[in-house]
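The block underneath contains the structure these notes are about, expressed in structure tokens.
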Amino acid sequence: MEYAGFLKQSLVDYPGEITAVLFTRGCNLRCPFCHNPDLLIKPKNPAPPVYDMEEIAAFLKERKGFIDAVVISGGEPTLQPQLKDDIKRIKELGYLVKLDSNGTNSTVLEELIRAGLVDYVAMDIKAPLEYKRYLQACGRLSSGDFFQIRNSINLLNHLSDVQVEFRTTVVPILHTPQDIEDIARYIEGASRYTLQQFNPRVTLDPAYGEVVPFSKEEMADMAKLCNPYIKEVRVVNI
């Protein structure tokens, strides 16, 4: 599989580990606040650089001992038919693997988990788990994808042998503090829930570039609302 982006070292994408990050192209959602809009669709000519698995494997072999893990992000990685084979190859090289996902393919998530191919899954929760609210936050959403999202949450919230993180990018025109508490209540018992402060610098919908993020104090207050339901609540500010 070819990857649209390759970050050779990161200290923030896998808690406690030094990682390389791979970015897949293509996503089935169109979140207006998306900060990676260049990864959503096929690029216009001239195409940007791509990285194939042979190049990536060679780098990982060379960096063994300096890098601990590989994060596969996107876009939406579970749309890629070669994902499982690529993860197998990475695992054979001795790396931990973290997968970032929007949860719209619970079948693939479960297959990867049952095969022991992922050590950490981070799933974005875009809005309270009501179809119209979720559609507003996602830009487009089939009823089947919404069903899969709820399945993925249920799957991930009952795992003990894989690290799981749920995440929400908190956007003032889409979310209220009550919405964030409702999400936390829905995933009650989760090990980790991360609230990400919205960054208007790059967005799929240009109008969102004018949206003023919640303040750090407001983000901290929302985290407090989640504390009764979640074991660990983190806030990531821009």
Practice task
Considering every residue within region 105-114, establish whether at least one is assigned to a strand (DSSP E or B) and at negative phi.
Solution key: no
Practice task
Look at region 98-108 and say how many of its residues are surrounded by 23 or more Cβ atoms within 10 Å (Cβ to Cβ) and either among the aliphatic types (A, V, I, L, M) or free of Cβ contacts under 8 Å to residues at least 24 places away in the same chain (or both).
Solution key: 1
Completion exercise
Among the residues of region 203-234, the number that are in contact with a strand residue (DSSP E or B) (Cβ under 7 Å, 6 or more places away or on another chain), hydrophobic (A, V, I, L, M, F, W, C) and surrounded by fewer than 17 Cβ atoms within 10 Å (Cβ to Cβ) is 1
Exercise for the section: Could you check Tyr51 against (1) at pLDDT below 95; (2) of a type in the set (Ser, Thr, Tyr); (3) under 20 Å from the mean Cα position of the chain (by Cα) and say which number it fails? Expected result: (3)
Fill in the blank from the handout: Pairs returned, first residue in region 68-94 that is touching a residue at least 60 places away in the same chain (Cβ under 8 Å), second residue that is assigned to a helix (DSSP H, G or I), beta-carbon separation under 6 angstrom, 6 or more apart or interchain, are Gly75/Leu39; Leu83/Pro77; Asp86/Met53
Exercise for the section: Please give the strands (runs of 3 or more DSSP E) falling wholly within region 1-101 in which 1 or more residues are of a type in the set (Asp, Glu). Expected result: 96-101
Completion exercise
In region 140-150, anything assigned to a helix (DSSP H, G or I) and either of a type in the set (Lys, Arg) or in contact with a helix residue (DSSP H, G or I) (Cβ under 6 Å, 6 or more places away or on another chain) (or both) is listed as Phe146, Gln148, Arg150
Practice task
Output yes when any residue across region 164-173 is closer than 25 Å to Leu96 by Cα and without any contact (Cβ under 8 Å) to a residue 40 or more places away in the chain, and no when none is.
Solution key: no
Handout entry: One residue from Ala122, Ala115 being surrounded by fewer than 17 Cβ atoms within 10 Å (Cβ to Cβ) and either under 14 Å from the mean Cα position of the chain (by Cα) or of a type in the set (A, V, I, L, M, F, W, C) (or both)
Key = Ala115
Completion exercise
Checked region 87-112 for anything over 16 Å from the mean Cα position of the chain (by Cα) and under 27 Å from Gly65 (Cα atoms); matches are Ile87, Lys88, Arg89, Ile90, Lys91, Glu92, Leu93, Gly94, Tyr95, Leu96
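The values are calculated or read from the model by the stated rules, or taken from the named source; none is laboratory data. None of the values given here were measured: they were computed from a predicted structure. Every residue, glycine as well, gets a Cβ built from its backbone with ideal geometry; the counts of neighbours run over all protein chains shown.
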